[in-house]
1. Rounded to the nearest 20 Debye, what is the dipole magnitude of the chain about its Cα centre when Lys and Arg each give +1 and Asp and Glu each give -1 at the C-beta?
2. Which residues among the stretch 1-18 fall inside the zone where the amide N is under 19 Å from a point 7 Å beyond the Cα of residue 135, along Cα→Cβ?
3. Can you find, among 4, 52, 111, the residue sitting farthest towards the positive end of the charge dipole of the chain, where Lys and Arg contribute +1 and Asp and Glu -1 at Cβ?
4. With a point put 7 Å past each Cα toward its Cβ, work out how far residue 85 is from residue 109 in nm, to one decimal.
5. At what distance in nm do the modelled label points of residue 58 and residue 19 sit from each other, each positioned 7 Å from its Cα along Cα→Cβ?
6. Return one whole number: the accessible area per residue of the stretch 10-143 in Å², for a 1.4 Å probe.
7. Enumerate the calculated ³J(HN,Hα) couplings along the stretch 66-82 in order (Karplus 6.51 cos²θ - 1.76 cosθ + 1.60, θ = phi - 60°), each rounded to whole Hz, writing x wherever the residue is Gly or Pro.
8. How large, in percent, is the carbon and sulfur part of the accessible surface of the stretch 1-69 at a probe radius of 1.4 Å?
Amino acid sequence: MGAFFDICMLVMLAIIVLSAVGLVRRTQQRRAAWASGLTAEARAVRAWVTTQMVDNVARRTQWHEYDYTTRDGRAARFRESGGPRERVTGDTVLVHYALHEPDKATASAPQPGRDTAGTAVWLVILASLAVFLLYEWATLPGF
């Protein structure tokens with residue numbers, strides 16, 4: 001039983017670490033897209049909402065999929081969550097992209113300060129959760 005507990009703790013810690021890495025990676029991709037100065041007109045080719053129930057409360061996430069053409073003529077498509085609910089299929093928006101990663105573009109306006117603050121808050125939450133798990137793992141009596 002003790003080995004199962006250890007495996008569960010390791011899996012939870014791995015999920016926390018992977019979440020933090022994904023969060024930092026997406027923040028860097030958005031920042032690179034904003035810093036490149038490259039923009040293009042994109043068309044929303046798909047819009048949908050996912051719903052997740054958390055403590056009997058529905059949590060809705062708005063998703064959009066965009067098509068655009070880069071400055072050098074390459075077609076690109078990307079998906080992004082958290083867009084405005086009023087954006088529908090067929091709408092045209094300005095997207096920011098990095099030349100080396102056109103599929104990691106963003107349709108959100110540049111907000112580096114807000115983006116950094118949000119990332120920092122989530123990293124603190126994830127780090128606190130990891131510290132709590134490590135503390136509980138170290139202090140709980142063995143099975």
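The values are calculated or read from the model by the stated rules, or taken from the named source; none is laboratory data. Everything quoted here is computed from the prediction, not taken from an experiment. With ideal geometry, Cβ positions are generated from the backbone for all residues, glycine too; neighbour counts draw on all protein chains shown. What goes into the accessible areas is simple: the full protein's heavy atoms, side chains included, and nothing from ligands, DNA or RNA. Shrake-Rupley method; radii C 1.70, N 1.55, O 1.52, S 1.80 Å.
1. Its charge dipole is roughly 340 debye.
2. 9-10, 12-14, 16-17
3. Going by the Cα projections, it comes out as 111.
4. Spacing of the two 7 Å Cα→Cβ label points: 2.0 nm.
5. 2.4 nm
6. For the stretch 10-143, the solvent-accessible area averages 65 Å² per residue.
7. Each residue's phi maps through the Karplus curve to give 10, 10, 7, 10, 6, 4, 8, x, 7, 7, 9, 9, 8, 10, 8, 9, x Hz.
8. 61 percent
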